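Trainee: Okay, handing you the structure first.
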């Protein structure tokens, strides 16, 4: 009995922290909202074509983390989406926003102005 009390307890072996296996989504889903240099690039990034119907649909895959990381860019994209959703093709959008669709900043400025004037 005395021998059991005199023995030192066994030292726990060092355990390594378990690492979580990453999912494939980490590599596929973009971490930030994509930026664009022109209205056409923004249109191409924001919309994809529905092959059977031939109509464009808005991409709504911005996660909460992406929005929190870049709220300004997300707000810009929401404003542009309001302008984009009235048109079926980029050509119609370009003719309606003639003179403003060359650069991203000018089309964004025009969309904001039309939004303030309730013309959007």
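The values are calculated or read from the model by the stated rules, or taken from the named source; none is laboratory data. Note that this is a predicted model, so its numbers are computed, not measured. Using ideal geometry, Cβ is built from the backbone for each residue, glycine included, and neighbour counts are taken over all protein chains shown.
Trainee: Look at segment 85-105 and say how many of its residues are assigned to a helix (DSSP H, G or I) and free of Cβ contacts under 8 Å to residues at least 60 places away in the same chain.
Mentor: Qualifying residue count, segment 85-105: 8.
Trainee: Go over the candidates 94, 99 one by one and state the one that is surrounded by fewer than 13 Cβ atoms within 10 Å (Cβ to Cβ) and modelled with pLDDT of 80 or more. Before you say what the answer is, go through the steps one by one.
Mentor: Working: 94 fails: surrounded by fewer than 13 Cβ atoms within 10 Å (Cβ to Cβ).
Result of the check over 94, 99: 99.
Trainee: Another one. Mind telling me which of the residues 51, 78 ends up being exposed (fewer than 13 other Cβ atoms within 10 Å of the Cβ), at pLDDT below 85, out of contact with any helix residue (DSSP H, G or I) (no Cβ under 6 Å at 6 or more places or on another chain) and not in a helix (DSSP H, G or I)?
Mentor: Step by step, each of 51, 78 is checked, and only 51 is exposed (fewer than 13 other Cβ atoms within 10 Å of the Cβ), at pLDDT below 85, out of contact with any helix residue (DSSP H, G or I) (no Cβ under 6 Å at 6 or more places or on another chain) and not in a helix (DSSP H, G or I).
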